[in-house]
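Heads up, the thing below is written out as structure tokens.
The values are calculated or read from the model by the stated rules, or taken from the named source; none is laboratory data. Fair warning: this is a prediction, and the values are worked out from it, not measured in the lab.
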């Protein structure tokens, strides 16, 4: 077979995209599982998560450009700080807390205490990771 006939054969075997009720990214995982079960050779569909289902369906029907990955709402991805940066911030906030303690503002002291506590937890997580 020549390269042209191979390409033509690939185009002919490409499955036709069915008309979905709504865009794939807007479908629930249950709806996507029903669509994915119709794909021949798809294994483990019932255990897949939504992003995996979207990629499987997108690959099979050739919809990679149209399929949008789902993102968790409300969560921002933050750059993880190094332990050195976190410790420097802890020292800075500790001195700030001592200054505020002299003024006697309990609300501000409580805010700084919570921030310090949060930073210390982050350093423990960074070391463990």
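Among the residues that make up segment 99-112, is at least one of them modelled with pLDDT of 75 or more, assigned to a loop (DSSP other than H, G, I, E, B) and not assigned by TED's automatic domain parsing to the domain that holds residue 41? Break it down into steps so the answer makes sense when it comes.
To start, the set of residues in segment 99-112 that are modelled with pLDDT of 75 or more comprises 99-112.
From the residues that got through so far, the ones that are assigned to a loop (DSSP other than H, G, I, E, B) too are 104-105.
If we keep only those that are not assigned by TED's automatic domain parsing to the domain that holds residue 41 too, we end up with 104-105.
Within segment 99-112, one or more residues are modelled with pLDDT of 75 or more, assigned to a loop (DSSP other than H, G, I, E, B) and not assigned by TED's automatic domain parsing to the domain that holds residue 41.
If you check residue 94 against the conditions, is it assigned by TED's automatic domain parsing to the domain that holds residue 124 and either at positive phi or at pLDDT below 85 (or both)?
No, not satisfied.
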